[in-house]
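Remarks on the structure that follows.
The values are calculated or read from the model by the stated rules, or taken from the named source; none is laboratory data. Note that the structure is a prediction, hence the values are computed from the model and not measured. Cβ: placed from backbone, ideal geometry, glycine included. Neighbour counts: every protein chain shown.
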Amino acid sequence: MNKKIYLLKTFGMVLIASTLILGTACGKKKKLAEKNAPPAGETAIKEYCSGDEFFSDKKYFRANALGESSDQATAKKKAMANARADLASSLQTTIKGVIDNYVNSREFNNREEIEERFEGLTREVIDQNLSGVKTICSQPVQVNATGAFKYYVAIELSGADIAADYNERITKDERLKIDYDYEKFRAIFDQEMDERSKR
């Protein structure tokens, strides 16, 4: 009989403790939701294909964008064009940083000519790779009030693919490949990608 009473008391304490823990957790969630709620008179907007998982990191260049039109296909085209433009800008900035650091770390006789050659290759690499972007998120929505369409999209390119393509282009250029050090170039490229992921 004592064992039964003991077990019932123990079960009762466990039940009370569980209820208190759940109540505290629910209270914290409610407070967080209230803290993140928009001010009175404002409405939170859900932005699709956006957030941490859609930011560039040390492996991928990523971009997201929105397109809007009364025609669904046009909204998608606008979104893709906007995302590609953002991705191209990001690529341009990163590769320029890599080239500047690489050229400054090497002993080239005519720096100006070398930089011009690298810039030409950069445009070719970006144009070629933008045609092979991968869509990682897409979300079409229709605005109830107007009937217009919005298209959210996120795209990505592999940093390793960009570096490999760049390496291939450099080794085909007679002037650049003379003093080209792939290991040095790749180390600078990886460092730049790593820094991008911390921004």
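Of all residues in segment 146-164 being more than 16 Å from the chain's Cα centre (by Cα) and among the aromatic types (Phe, Trp, Tyr), which is farthest from Arg196 (Cα to Cα)?
Phe149
When you scan segment 60-101, how many residues do you find that are over 19 Å from the mean Cα position of the chain (by Cα), hydrophobic (A, V, I, L, M, F, W, C) and farther than 18 Å from Asn167 by Cα?
Of the residues in segment 60-101, 2 are over 19 Å from the mean Cα position of the chain (by Cα), hydrophobic (A, V, I, L, M, F, W, C) and farther than 18 Å from Asn167 by Cα.
Residues Asp179, Asp194: which one is more than 30 Å from Ala73 (Cβ to Cβ), part of a helix (DSSP H, G or I) and either modelled with pLDDT under 90 or in contact with a helix residue (DSSP H, G or I) (Cβ under 8 Å, 6 or more places away or on another chain) (or both)?
The conditions single out Asp194.
Could you go through segment 138-157 and let me know if any residue there is in a helix (DSSP H, G or I), touching a strand residue (DSSP E or B) at 6+ places or on another chain (Cβ under 9 Å) and within 23 Å of Ala85 (Cα to Cα).
No - not one qualifying residue is present in segment 138-157.
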